[in-house]
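Working notes, structure below.
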Amino acid sequence: MTTPALDEVYEQKRASVAPADLVALAKPRITALVITTTAGGLWLAPMRTSLGVASLAMLGTVLIVAGANALNMYIEREIDGRMERTKDRPLPAGRLAPRVALWFGVALSVLAVPILALGVNLTTALLAVLAHLSYVLAYTPLKQRSSAALLVGAVPGAMPPLLGWTAATGSVGWGGLVLFGILFLWQVPHFLAISIFRMDDYARAGLKVMPNTAGLRATKHGIVRYLLALVAVSLLLVPLGVERNGYLVWAGLLGAVFFGWGCYGLREAAGPRWARSLFAVSIVYLVLLFCALVIEGQGALAV
């Protein structure tokens, strides 16, 4: 947390607010992923919903995620200033007063709740609030204490497709839980790859990540274990009737490539360069998997 004196400097340095900095507080790339995965949950749910309800579900989810991201940046503004990757964000760079980020995050979060509760359903609203609170109040402070924060943070990160599912059905359901599980398990190797090639940056910021607390070898084995679980869980949508057999082929092939690339990293020589490539592979995997989910899952809408 920054000192009051430093906060005062920020206040004096930047009285105006640039729209681009407000957008940056919402973490646009994460928000784009949220839109995609929420839409996937809506599309795959076995019940149709109106365009109006679907639109409100998307809007409410985006607002509550953007609000959580802004509050995360407010809390971590000093930490962000110590990292190369984040030092140019609006708060550590001094372009935005901390109080602006605080109230912006609170306003978006508060606005999202009635949109989801009244415009969609109570189940979706409660899950969204749970995700928000766990991200801001549990995951954010835990990152400075334990590398296990990754698993805590993966819960809100995996919530969007489940929110889409519950928006259409009004209940969680096995299909929604599997979609949640896919995104939960995907986040672990995805982030562990980042933590390998940015381990010095995280150490400088005082954040606990597995490569710095348990070592590179243990991190690589952790990646492989979670990849194996991810592939297995991703295939469950077919026996549940959410997906057709064509999806089984695509999920199997994509999973084999992702898992194989993870295993390739078990070599002693594999280091940051391999981790960076695994990070790229993880993004391609998720995009193509959701494409397969949407294409092959069209028949599920008539169930």
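Looking at the range 219-235, which of the residues that are out of contact with any Phe, Trp or Tyr (no Cβ under 8 Å at 6 or more places or on another chain) and among the aliphatic types (A, V, I, L, M) is surrounded by the most Cβ atoms within 10 Å (Cβ to Cβ)?
Taking the candidates together, the pick is 223.
Can you confirm whether the range 200-210 contains a residue that is touching a Pro at 6+ places or on another chain (Cβ under 6 Å), surrounded by fewer than 22 Cβ atoms within 10 Å (Cβ to Cβ) and either outside any helix (DSSP H, G or I) or of a type outside the set (Val, Ile, Thr) (or both)?
So far as the range 200-210 goes, no, none of its residues is touching a Pro at 6+ places or on another chain (Cβ under 6 Å), surrounded by fewer than 22 Cβ atoms within 10 Å (Cβ to Cβ) and either outside any helix (DSSP H, G or I) or of a type outside the set (Val, Ile, Thr) (or both).
Which pairs have Cβ atoms under 8 Å, sit 6 or more apart or on different chains, and link a residue in the range 135-148 that is farther than 18 Å from residue 211 by Cα and of a type in the set (Gly, Ala, Ser) to one that is open to solvent by 40 Å² or more (accessible area, probe 1.4 Å) and assigned to a helix (DSSP H, G or I)?
138/152
Do we have residue 189 as at pLDDT 95 or above, under 30 Å from residue 92 (Cα atoms), surrounded by 17 or more Cβ atoms within 10 Å (Cβ to Cβ) and not charged (D, E, K, R) here?
Yes; evaluated as a whole, the condition is true for this residue.
Of the conditions (1) within 18 Å of residue 180 (Cα to Cα); (2) in contact (Cβ under 8 Å) with a residue 40 or more places away in the chain; (3) open to solvent by 40 Å² or more (accessible area, probe 1.4 Å), residue 272 clears all except one; give me its number.
Failed condition: (1).
If you take the residues of the range 236-248 that are surrounded by 13 or more Cβ atoms within 10 Å (Cβ to Cβ) and in a helix (DSSP H, G or I), which of them is modelled with the lowest pLDDT?
246
Among (1) on the phi > 0 side of the Ramachandran plot; (2) in a helix (DSSP H, G or I), there is one condition residue 67 misses while meeting the rest; what is its number?
The number of the failed condition is (1).
Among the residues of the range 45-67, is there at least one that is aliphatic (A, V, I, L, M), out of contact with any Ser or Thr (no Cβ under 8 Å at 6 or more places or on another chain) and farther than 30 Å from residue 293 by Cα? Explain how you work it out, then say what you get.
From the range 45-67, those aliphatic (A, V, I, L, M) are 45, 47, 51, 53-54, 56-59, 62-66; that's our starting set.
Filter again for out of contact with any Ser or Thr (no Cβ under 8 Å at 6 or more places or on another chain), leaving 51, 53-54, 56, 59.
Of the ones still in play, those that are also farther than 30 Å from residue 293 by Cα are none.
Scanning the range 45-67 turns up no residue that is aliphatic (A, V, I, L, M), out of contact with any Ser or Thr (no Cβ under 8 Å at 6 or more places or on another chain) and farther than 30 Å from residue 293 by Cα.
The values are calculated or read from the model by the stated rules, or taken from the named source; none is laboratory data. The structure presented is a predicted model; accordingly, all values stated were derived computationally and were not measured. Cβ sites come from the backbone with ideal geometry, for glycine too, and all protein chains shown count toward neighbours. Accessible surface is based on the protein model in full, side chains and every heavy atom, while ligands, DNA and RNA are left aside. Shrake-Rupley method; radii C 1.70, N 1.55, O 1.52, S 1.80 Å.
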